[in-house]
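J.: Attaching a single structure in structure tokens format; questions to follow.
Please treat every number below as a calculation from the coordinates, not as lab data. Quick caveat, the model's predicted, so the values are computed rather than measured. Cβ placement follows ideal geometry from the backbone for every residue including glycine, while neighbour counts extend to all protein chains displayed.
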Amino acid sequence: MADILQILILGLALGGVIALMGSGLSLVFGVMRIVNLAHPSLIIGGAYVTYWAFKMTGVDPIVMLPVASLIMAAIGVLLYRLMFERETKSAKYSEMTVLLTFALAMMVEGLLGGLFTNTQRVVSPDYATDAFFIGDLFIPKGQLYAGIVSLVIITALSLFLKYSRLGYAIRATTQNREAAELLGVNVNFICILAFAIGIGLAGAAGSLVSFVFSFFPAKHWEWIAMLMSVVVLGGMGSILGTVVAALLLSVIAAFVGTWIGATWSTLTFFLALFLILLVRPQGLFGEKPEMA
Amino acid sequence: MTELLQVTNITAGYGDGPAILDGAHLTVEPGKVHCIIGPNGAGKSTLMKAICGMLTIRKGDVVFKGKRLNGMRPDQILREGICFVPQERALFPKMTVRENLRMGGFILDDKKELERRIEGILERFPILRERADQHAGTMSGGQQQTLAMARTLIIKPAIVMLDEPSLGLAPKIVQEMFDIMKMMSAEGVTVLLVEQNALMGLKNSDWGVVLDLGRTLFEGPAATVLADPRIQELYLGGKKAA
């Protein structure tokens, strides 16, 4: 019983971080229909910002999180204006964004590789290697803090989307872009804002990832499949779905990793992606696609 | 005649494509119901989209209360007092009725005033109060159309443009929609309507506009349009107005 509880706790803590990693991806797809394959590479960008801040000044990664988030959000605004804004009227916009963001991911990887080399990095605040012990239970402080901070950020995001005026505008644009525009929403501004928030979330996730996982510029290829599994299972564009899917898959992966073998745990995400596309392509909280 | 909105020989189309409207004109008088009729592809919906700023006007003018609207964005035109409900009703399916109404008043800065106006709408449309916390996407077609029309009233618009509000609705519900339009008109809101059911549209309107191949063929009092033998033959299937 204690074993099961132990695996559950580790899975949930990690799931929280994966939920944050996926929520920006989901938001950006929901509002703008951009399939952002570069999202994990931007998470790694946030991780490098945090890593260098820690290395140079010793600033705690969690304290650095808002700064990394703001820096990445600003980069997000720049990227949106340069790469996506002019294409929004294109009939093949979503398809085009797949190619654009694929190219962006490679560029970011190349840039980070050139600047920081492909050496594996990890930020090591004291708590990253420490743990709480409750009876037989072992709870790594790093994962726990990262999971809690992730869930706090996602809750704040959900409250912002649910109750604020801009949140209303973002949700409205997600559900019916034309209607939002007709009711006075400046849709272009909302797209820039949502993209900035999405990439800002990538920056925030990067700060947390920096002490939970080791990272290097090409690591994003491992993460994109995992994050796409989470976002597709949750229902593309649904933040709640992303959180539920991330927690669910992380817990399953933790059980698989413990009972079957660590090398099999990653397979959980891919198997889930495969099955969900076969059985319920709209995901847990997504809408059924209309048939042509 | 004191016109509220004057559309003069406009040319407009989608993107870089061919012009759908080419020489369309329209005069809208305050407080009346205006019905635009015409065959499929005549440019009826395109005309509304051009007026509300969703399409770029290539030639001609749209003048509202003496102000030229050409080149303005939809949100700017809405702030001038022109609301547009497209064919698909433009609701937010995963938002509740109340949230949809809140979005109707997105351009209002005074939150308390917005909530007061929402209460006013819920008072006038009891079906919406009953379903205030229900997601709009789960309501019937008639209820959704009622919500779409009621939502326009939140900002107290000067003109409400409705693109085929009767589309997909049962005849009894269609009459309810026309009753709402008449109520709007009685309250001083000018209604501009595109209607596929030309006979019903004109019977419930004060002014008729006939559009074909992107240009205005004829406009005048609805009764005159209804009585015109050419119009009856071409657009009313030869039916005589009762």
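J.: Counting other beta carbons within 10 Å of each residue's own, what order do B:94, B:156 fall into, fewest first? Walk me through the intermediate numbers first.
T.: Details: B:94 18, B:156 14.
Fewest to most other Cβ atoms nearby, the residues stand as B:156, B:94.
J.: Is the shape of the range A:84-146 best called rounded, prolate or oblate, per the rule: a/c under 1.5 gives rounded, else a/b larger than b/c gives prolate, else oblate, with a ≥ b ≥ c the square roots of the Cα gyration tensor eigenvalues? Let's see the in-between values first.
T.: On the way: a/c = 4.94, a/b = 2.15, b/c = 2.30.
Because a/c hits 1.5 or more and a/b fails to exceed b/c, the range A:84-146 counts as oblate.
J.: Further question on the same structure: Amide H to amide H under 5 Å from residue B:218: which residues, 5+ apart in sequence or cross-chain, H placed 1.01 Å off N in plane?
T.: B:210
J.: Whole angstrom only: what separates the Cα centroid of the range A:126-174 from the Cα centroid of the range A:181-195?
T.: Here the answer is 27 Å between Cα centres.
J.: What percent do you get for the relative contact order of the range A:15-220 when only Cα pairs under 8 Å and 6+ apart count? Let's see the in-between values first.
T.: Values: 308 pairs, mean separation 97.3, N = 206.
Computed over the range A:15-220, the figure is 47 percent.
J.: Can you work out the FRET efficiency for the pair residue B:61 and residue A:103, with r the C-beta to C-beta distance and R0 = 45 Å, to the nearest 0.05? Show your work: numbers first, answer last.
T.: Details: r = 44 Å, r/R0 = 0.97.
Once rounded, the FRET efficiency stands at 0.55.
J.: Hey, can you grab everything whose amide H is under 5 Å from the amide H of residue B:95? Only 5+ residues off in sequence or another chain; H modelled, so Pro and N-termini drop out.
T.: B:136, B:137
J.: For the range B:168-242, which trypsin sites (Lys or Arg not before Pro) pass both filters: DSSP loop (anything but H, G, I, E, B) and at most 10 other C-beta atoms within 10 Å? Don't skip to the answer; put the middle values down first.
T.: Numbers: sites: B:172, B:182, B:203, B:215, B:230, B:239, B:240; in loops: B:239, B:240.
Those that pass, being in a loop and sparsely packed, are B:240.
J.: Now, a different point. Restricting to Cα atoms and excluding each atom paired with itself, what does the Kirkwood estimate give for the range A:15-220 in Å?
T.: Details: mean 1/r = 0.0569 Å⁻¹.
That comes to 17.6 Å for the range A:15-220.
J.: Also, quick follow-up: Given R₀ = 30 Å, what would the calculated FRET efficiency be for residue A:159 paired with residue A:8, taking r from the Cβ atoms and rounding to 0.05? Please list the in-between numbers first.
T.: Details: r = 27 Å, r/R0 = 0.89.
Efficiency, from the Cβ-Cβ distance: 0.65.
J.: Within 10 Å of each residue's Cβ, count the other Cβ atoms and sort A:255, A:29 from fewest upward.
T.: On the way: A:255 18, A:29 22.
Sorted ascending by nearby Cβ count, the order is A:255, A:29.
J.: Still on this structure, I have one more. Which order do B:207, A:223 fall in if you start with the one that has the fewest other Cβ atoms within 10 Å?
T.: A:223, B:207
J.: Could you give the nm distance between label points at residue B:134 and residue B:203, where each point is 7 Å from its Cα heading toward the beta carbon?
T.: The modelled label-to-label distance comes out at 2.9 nm.
J.: Considering only DSSP beta bridges where both residues belong to chain B, give the percentage that are antiparallel (nearest 5). Write down the numbers at each step before the final one.
T.: Values: 22 of 39 bridges.
About 55 percent, rounded to the nearest 5.
J.: Given charges of +1 on the Cβ of Lys and Arg and -1 on the Cβ of Asp and Glu, with all other atoms neutral, how large is the dipole of the range B:86-150 about its Cα centre, in debye to the nearest 20?
T.: Values: 11 positive and 10 negative charges, 15 e Å.
Dipole magnitude for the range B:86-150 comes out near 80 debye.
J.: Among B:207, B:192, B:40, whose Cα lies farthest out toward the positive end of the dipole of chain B, if unit charges sit on the beta carbon of Lys, Arg (+1) and Asp, Glu (-1)?
T.: Of the options given, the answer is B:192.
J.: If all Cα-Cα distances of the range B:86-150 are sorted into 10 Å bins from 0 onward, what percent lands in each bin, rounded to whole numbers?
T.: With 10 Å bins starting at 0, P(r) equals 23, 57, 19, 0.
J.: Let me ask something else about it. I'd like the distance between the alpha-carbon centres of the range B:124-175 and the range B:17-57, rounded to an integer number of Å.
T.: Between the Cα centres of the range B:124-175 and the range B:17-57 lies a distance of 22 Å.
J.: Which of A:177, A:86, A:33 moves most in a GNM of chain A, Cα contacts under 10 Å?
T.: Sorting by GNM fluctuation, first place goes to A:86.
J.: Label points 7 Å out from Cα along the Cβ direction at residue A:213 and residue B:73: separation in nm?
T.: It works out to 3.7 nm between the two label points.
J.: Between residue B:2 and residue A:271, what is the spin-label point distance in nm, taking each point 7 Å from the Cα along the Cα→C-beta axis?
T.: Distance between the two pseudo-spin positions: 7.5 nm.
J.: Rounded to the nearest 0.05, what FRET efficiency is calculated for residue A:221 and residue A:57 with R0 set to 30 Å and r the Cβ-Cβ distance? Walk me through the numbers before you get to the answer.
T.: Details: r = 31 Å, r/R0 = 1.02.
For R0 = 30 Å, the calculated efficiency reads 0.45.
J.: Run the helix sum for chain B: -39,500 (n - 2.57) per DSSP H stretch of 4+ residues, divided by residue count, reported at 222 nm to the nearest 500 deg cm²/dmol. Intermediate results must be reported in sequence, preceding the final value.
T.: Details: 10 runs with 89 residues, N = 242.
Counting only the DSSP helices, I get -10500 deg cm²/dmol.
J.: Rg to Rh ratio, the range B:130-194, alpha-carbon atoms and Kirkwood radius? Could the numbers behind the result be given before it?
T.: Numbers: Rg = 11.8 Å, Rh = 12.3 Å.
Ratio of gyration radius to Kirkwood radius for the range B:130-194: 0.96.
J.: What fraction of the DSSP beta bridges in the protein assembly as shown is antiparallel, stated in percent and rounded to the nearest 5?
T.: Values: 27 of 44 bridges.
Counting only bridges with both partners in the protein assembly as shown, antiparallel ones make up about 60 percent.
J.: Taking the alpha-carbon distance from residue B:182 and a cut-off under 13 Å, which aspartates and glutamates remain once sequence neighbours fewer than 8 residues away in the same chain are dropped?
T.: Candidates past the 8-residue exclusion: B:206.
J.: Classify the range A:173-292 as rounded, prolate or oblate, taking a ≥ b ≥ c as the square roots of the eigenvalues of its Cα gyration tensor: rounded when a/c is under 1.5, otherwise prolate if a/b is larger than b/c and oblate if not.
T.: Values: a/c = 2.91, a/b = 1.47, b/c = 1.98.
Since a/c reaches 1.5 but b/c is at least a/b, the shape of the range A:173-292 is classed as oblate.
J.: Moving on to the next point. In percent, how large is the relative contact order of the range B:86-150, given Cα pairs closer than 8 Å and 6 or more residues apart?
T.: 50
J.: Counting partner chain Cβ atoms within 10 Å of every residue's Cβ in B:87-95, what's the average?
T.: Details: counts 0, 3, 2, 7, 4, 10, 3, 8, 5.
Mean partner shielding for this stretch: 5.
J.: Related question: Hey, what did chain B get for relative contact order, percent, Cα under 8 Å, at least 6 apart?
T.: Numbers: 475 pairs, mean separation 66.3, N = 242.
Relative contact order for chain B comes out at 27 percent.
J.: With viscosity set to 1.567 mPa s at 4 °C, what whole-number translational diffusion coefficient in µm²/s follows for the protein assembly as shown from Stokes-Einstein and a Kirkwood radius over Cα pairs? Mind dumping the intermediate values first?
T.: Numbers: Rh = 25.7 Å.
My calculation gives 50 µm²/s for D.
J.: OK, next. Over 27 Å, how big is the tail of the calculated P(r) for chain B, in percent of all Cα pairs? Show your work: numbers first, answer last.
T.: On the way: 9756 of 29161 pairs.
Here the tail beyond 27 Å accounts for 33 percent of pairs.
J.: For chain A, what does -39500 (n - 2.57) per DSSP helix run (n ≥ 4), summed and divided by total residues, give at 222 nm, in deg cm²/dmol to the nearest 500?
T.: Working: 11 runs with 213 residues, N = 292.
It lands at -25000 deg cm²/dmol.
J.: Please list, or write none, the lysines whose alpha carbon is within less than 24 Å of the alpha carbon of residue B:67, excluding same-chain residues fewer than 8 places away.
T.: B:32, B:44, B:49, B:59, B:156
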